[in-house]
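See structure below.
The values are calculated or read from the model by the stated rules, or taken from the named source; none is laboratory data. As the structure is a prediction and not an experimental result, all values here were calculated from the model. Neighbour counts run over all protein chains shown; Cβ positions are idealised from the backbone, glycine included. SASA here: full protein model, heavy atoms, side chains in, ligands and nucleic acids out. Shrake-Rupley method; radii C 1.70, N 1.55, O 1.52, S 1.80 Å.
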Amino acid sequence: MASGIFGAQPSTWLAAVAAAAKPASFRRAHAVLLTSGHLSSRSSINSLLRAASSPSACAVLLRLLFLHRLLPDHISLSFSLHSCSRIPSHRLTSLLHSLAVRLGHSRDIYVANAAVTGYFTATDVASADRLFAEIAKDVADVVTWTTMVTGHANVGDVNRARWFFEAMPVRNVVSWNAMLGAYARVGMLSKARELFDRMPERNAATWSSMITGLLQSGHCEEALRVFGEMVACGATPNESGLVSAVSACAQLRSVEYGAWVHAYAERELRGGMSIVLATAIIDMYGKCGSIHNAVRVFASMPVRNIYTWNSMIAGLAMNGGERQALSLFWKMQFAGVRPNHVTFIGLLSACSHSGLVDEGRWLFDMMIEDFGIQPDPEHYGLMVDLLGRAGRVREAVYFVKSMPVEPHPGLWGALASACKIHGEVELGEEVAKKLIELEPRHGSRYILLSNLYGAANRWDDMATVRRLLKRRKVPKGTGNAVVGNDSQYIE
């Protein structure tokens, strides 16, 4: 690249700078231009400002301008402020906006829009509102108004976002999408659907916002119905819409619809699926029990990330492929992918389902010692489940008592259930009493102790627990939900 810049003729030099100033090669281009003396040109620095990936990099380049006694123009300032919309920097946004005011560029539409966005990114809503009030009458365009809608929606003020949307003198599809997304993100689905039906024009982002909003609110069937509407009207979904549709199928455990979405995506994308979409499809097939299809998609992927490996490991673990999941863990490491905490959730789950106690203990220790991952409640819960399922209840109790963090009630509950299953009545009695001490208003804890006594034919003790439950007026509803048919003893 350096020889290309130095060898360029004056008429083509700026084109060489523009080609060099890509985000991936920014540092090298900066070094070459600095040593060649070409950074004395404002236009060359503007090319680098456009490629700069952070506000701090822009600050360095603006300083170079001042060192060469050159003032930034509206292009320099708009590019610099735009970087503040990617990485929050309230201090630099404020300084750059002040500099734009002093240099007479504050009413340039690109500078103004970048400043408004920068203030919102830094969560300085008051400054964004003040700037908008100054430019609303004669400078603001549809991008400015849309930024006000998006900015207020992102800080949770949907009513204020709606006010700006309704006041807009002109709207485009991006404006409509901004308001639709605002409603969808907070679960105001009736408002979102009303707006969706009113839209004079829709694009892929419109459909995606509606589908994703329905999915996030738990309306998976409606999300798939909207996806079907989109396909029927000839619109082509974007990646976000396809991922949301696949995720809805996973939550509904609808392998038939999931396979249809998969086939549709392959046909429309001509095999060019992204890692994100392919991983979502693997996750869907795993949750739907179609593990062979999950393996087929996994095997066909030329590139995989940690989420892909985790989805495949979890799918194998829940579909009888526990040892294959452990084997895949080694293949992942050979591929140079470092496991994370989710990886070990899948692996410990595989060990629990298949009774691989020694392997589970070894993996738990490896997670901490080799990878520096501190266990979270789910890891601890899976270890207790692993030991409890294998009948090693006393070992599980020791494990819980030796934890470096306070065990949560769910762990004690899992222990008590294991004690009941394996006939460890005295130990279960101790654990269940600990549970009642921790959660005296949780009906299932009393029911668990009562059931332990019932399983051991200790009817007097069971009656004592029943009287205690009634005397304390603890609701039994939670108990029925937790222990299911075992609640027969308490009724």
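Observations
- In region 277-394, the ratio of gyration radius to Kirkwood radius, Rg to Rh, stands at 0.97 when only Cα atoms are counted.
- Placing +1 on the Cβ of every Lys and Arg and -1 on the Cβ of every Asp and Glu, with nothing else charged, gives region 109-190 a dipole about its Cα centre of roughly 200 debye.
- Mean Cβ count within 10 Å, highest first, over the residues of peptides 192-201, 287-296: 287-296, 192-201
- Listed residue (HIS442, ALA418, ALA114) projecting farthest to the positive dipole end of the chain, Cβ model: ALA114
- Dipole magnitude of region 244-339 about its Cα centre (Cβ charges: Lys, Arg +1; Asp, Glu -1), debye to nearest 20: 220 debye
- Given charges at Cβ of Lys, Arg, Asp, Glu: region 33-158 dipole, positive-most of SER127, TRP145, ALA51: ALA51
- Ranked packing of 156-165, 308-317, 132-141, most packed first, by mean Cβ within 10 Å: 308-317, 156-165, 132-141
- Checking [x] 75, 57, 48; [y] 69, 60, 48; [z] 95, 52, 46 against Cα extents along the principal axes in Å calculated from these atoms, the matching label is [z].
- Accessible carbon and sulfur surface of region 108-147 relative to its total accessible area, %, 1.4 Å: 56 percent
- Accessible surface ranking for SER349, SER175, SER190, 1.4 angstrom probe, highest first: SER190, SER349, SER175.
- Tilt relative to the chain, helix 239-252 - C-alpha long axis, 0 to 90 degrees, to 10: 10 degrees
- Toward the positive end of the charge dipole of the chain, with +1 on the Cβ of Lys and Arg and -1 on the Cβ of Asp and Glu, the farthest Cα among ALA248, GLY286, GLY454 is that of ALA248.
- For the chain, accessible area per residue (1.4 Å probe, heavy atoms of protein chains only), Å²: 49 Å²
- Computed about the Cα centre, the dipole magnitude for region 48-149 is approximately 360 debye when only Lys and Arg (+1) and Asp and Glu (-1) carry charge, each at its Cβ.
- Summary of packing: across the peptides 226-239, 415-428, the per-residue average of other C-beta atoms within 10 Å ranks them, highest first, as 415-428, 226-239.
- Restricting attention to the chain, lysine pairs at least eight places apart or on different chains and with alpha-carbon atoms under 17 angstrom apart total 6.
- Angle between the chain longest axis and helix 341-354 axis [Cα atoms, degrees, rounded to 10]: 30 degrees
- Residue by residue, region 95-101 carries 3J(HN,Hα) couplings of 5, 5, 5, 4, 5, 4, 4 Hz when phi is fed to the Karplus relation 6.51 cos²θ - 1.76 cosθ + 1.60 (θ = phi - 60°); x denotes Gly or Pro.
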